[in-house]
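Structure, as structure tokens:
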Amino acid sequence: QRLKAVVHYTVGCLCQEVEEDKDVQFSKQSIAAISEITFRQCEIFAKDLEMFARHAKRTTVNTEDVKLLARRSNSLLKYITQKSEELASSNMEQKEKKKKKSSAAKGGRTPGEQEAAVTENEDSNMA
């Protein structure tokens, strides 16, 4: 019920924005109808996403599932793909920063330098 209320509130806010931009009016009944349709469509999307993941023998919905869902809307698919790529590159940057911080804490060596030091230690232990 809370989720339905949030959807109704959000649809109301969007309708207000459209009213201001386009100089049109939305009745309370039309806002309620749009809210109900939106909520039902989101339920359908959730079931579809779950089925896509299950079909791929996964228990987690991923970005490929969302792209598959959005395939009929070229602009939406393009937007989702762009955002997905931005998130992936951001995650890679964060991982690189963590690696640098952890290597600095271990003596300030990069992974390549650490490997060389380990090899050097092994060589000296064998002698």
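Annotations
- Positions within the range 67-76 being part of a helix (DSSP H, G or I) and open to solvent by 50 Å² or more (accessible area, probe 1.4 Å), in sequence order: LEU68, ASN74, SER75, LEU76
- Residue check for THR60: part of a helix (DSSP H, G or I) and of a type in the set (Val, Ile, Thr): no
- Matching residues in the range 17-42 - criterion: being open to solvent by 90 Å² or more (accessible area, probe 1.4 Å) and on the phi < 0 side of the Ramachandran plot: GLU17, GLU20, ASP21, LYS22, GLN25, LYS28, GLN29, ILE37, ARG40
- All told, SER84 meets the bar of being surrounded by 10 or more Cβ atoms within 10 Å (Cβ to Cβ) and at pLDDT below 95.
- Close pairs (9 angstrom Cβ cut-off, 6 or more residues apart or separate chains): surrounded by 12 or more Cβ atoms within 10 Å (Cβ to Cβ) in the range 46-60, among the aromatic types (Phe, Trp, Tyr) anywhere: ARG58/PHE52
- Selection status of ARG54, under 27 Å from ALA5 (Cβ atoms) and of a type in the set (Lys, Arg): no
The values are calculated or read from the model by the stated rules, or taken from the named source; none is laboratory data. Note that this is a predicted model, so its numbers are computed, not measured. Note that we place each Cβ from the backbone using ideal geometry, even for glycine, and neighbour counts take in every protein chain shown. Ligands, DNA and RNA are stripped out before the accessible areas are found, and what is left, the full protein with its side chains, is counted by its heavy atoms. Shrake-Rupley method; radii C 1.70, N 1.55, O 1.52, S 1.80 Å.
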